[in-house]
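One structure is given below, encoded as structure tokens.
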Amino acid sequence: MTHNPFALPPAFDVGVLIADDMREVDAVIQRRLASQVALIDQIAHYIIGAGGKRIRPRLVLLFSSALGFAGPERFELAATVEFIHTATLLHDDVVDESGLRRGRRTANALFGNAASVLVGDFVYSRAFQMMVSVNRMRVLDVLADATNVIAEGEVLQLMNMHDPDLAVEDYLRVIRFKTAKLFEASARLGAVLADADFETEEACASYGRSLGTAFQLVDDLLDYDGATEQLGKNVGDDLREGKPTLPLLIAMERGTPTERELVRHAIKHGEVARLAEIVAIVGSTGALHATREAARDEADKARGALEALPATPFRDALLDLSVRSVERSS
Ligand code: GRG
């Protein structure tokens, strides 16, 4: 079988329902990635070709279809949110000095920081050309707001680094900004395209927000759980940066004084020498389990929001996605 870089891992395959639509999105992605500048072409194709789960474009497609919109603008906007996501990854891997992404060396590791940031800028500004092309002010409104909030989230996260006393609500604020906002915008765009009423649009946005929050909670717990090859990134990266994520915050709350001190020290100093012990503490205190439960609660909320939508196979697919997003191990 030939390798299809756009195939969704089984855990995220919501069936053949939108398979044709996703192929259309991939065609837009390929067309819109084109640049006469060889290095842009090379790096942009490198990161996009590595695949990824394509969850955000799926939200645009599933919500617009669930609300009866079938115009080609949905492909353009689905590709747009994937481009915004890709630009943030290119920038984030530079900021985090990450070496592995989607099971491959990161663009910064291969091509250098400057090229990664600049190609991120290209992909990001291409996304703006694409969103303008659908000629709807509300679309610009939603995406300008989302990208601004994502950037705020990253800066907030930077300010929280190495702080073992971070409050859970401040941690949650960061993940709502840096991750959930783009999920929210993707879902909302489906409703905007379909000219849905205010309540329906807010329900779609609410699903996206909750799903995105659940998704990041799982992302954070996998950093202390997943095997590297399954995860496609390096376990312990968050600790190396001194990121106080929920698994660590809960482990400190529940651990013995000695365990608490070990985790505090690791956050303060970005110390990974005792990663194995910290992974053990996160497991034995039940912090991993509690983080997964927090994600399940958010996914429940997401499912509740779907009640505002008509019963269609697209809504069923969104229900399914909320379960798989939380139970995933990669
Ligand atoms: C360019 C608007 C802009 C902002 C720059 C660096 C930055 C500010 C934002 C980074 C935000 C970020 C990387 C959040 C994490 C989001 C996240 C959960 C990424 C992983 O998403 P998946 O699992 O990735 O959907 P795949 O590889 O499947 O596409």
Provide the gained length on full extension for the span Asp141 to Leu110, in nm with one decimal, where the gain is 0.36 nm per separating residue minus the Cα-Cα distance. 7.6 nm
Helix 287-305 versus the longest principal axis of the chain: what is the Cα-based angle in degrees, 0 to 90, to the nearest 10? 20
Using modelled backbone amide H atoms (1.01 Å from N, in-plane), which distant-in-sequence or interchain residues come within less than 5 Å of Leu100's amide H? Thr106, Asn234
Normalised contact order of the stretch 135-189, rounded percent, pairs of Cα under 8 Å and 6 or more residues apart: 53
Under a point-charge model restricted to the Cβ atoms of Lys and Arg (+1) and Asp and Glu (-1), what is the dipole moment magnitude of the stretch 82-206 relative to its Cα centre, in debye to the nearest 20? 640
Residues of the stretch 237-252 with backbone N under 18 Å of the label point set 7 Å from the Cα of His162 along Cα→Cβ are 237-245
If each of Asp20 and Val323 carries a label point 7 Å out from its Cα toward its Cβ, how far apart are those two points in nm? 2.7
Most exposed first, judged by fewest Cβ atoms within 10 angstrom, Val155, Val117 run Val155, Val117
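In the structure displayed, which of Lys178/Lys243; Lys181/Lys268; Lys243/Lys301; Lys178/Lys301 lie more than 24 Å apart, Cα to Cα?
As for pairs spanning more than 24 Å Cα to Cα, those are Lys181/Lys268; Lys243/Lys301.
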For the stretch 61-105 and the stretch 24-58, write down the distance between their C-alpha centroids in whole Å. 10
Taking alpha-carbon centroids only, the stretch 122-159 lies from the stretch 193-224 a number of Å equal to 17
With +1 on the Cβ of every Lys and Arg and -1 on the Cβ of every Asp and Glu, the dipole magnitude of the chain about its Cα centre, in debye rounded to the nearest 20, is 620
How many percent of the alpha carbon pairs in the chain exceed a separation of 31 Å? 30
Normalised by the residues of the chain, what does the relative contact order come to in percent, with Cα pairs under 8 Å and at least six apart? 20
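Readers should treat all values here as calculations from the given coordinates under stated rules, not as data from a laboratory. Everything numeric in this text was worked out from a predicted model, so none of it was measured. Neighbour counts run over all protein chains shown; Cβ positions are idealised from the backbone, glycine included.
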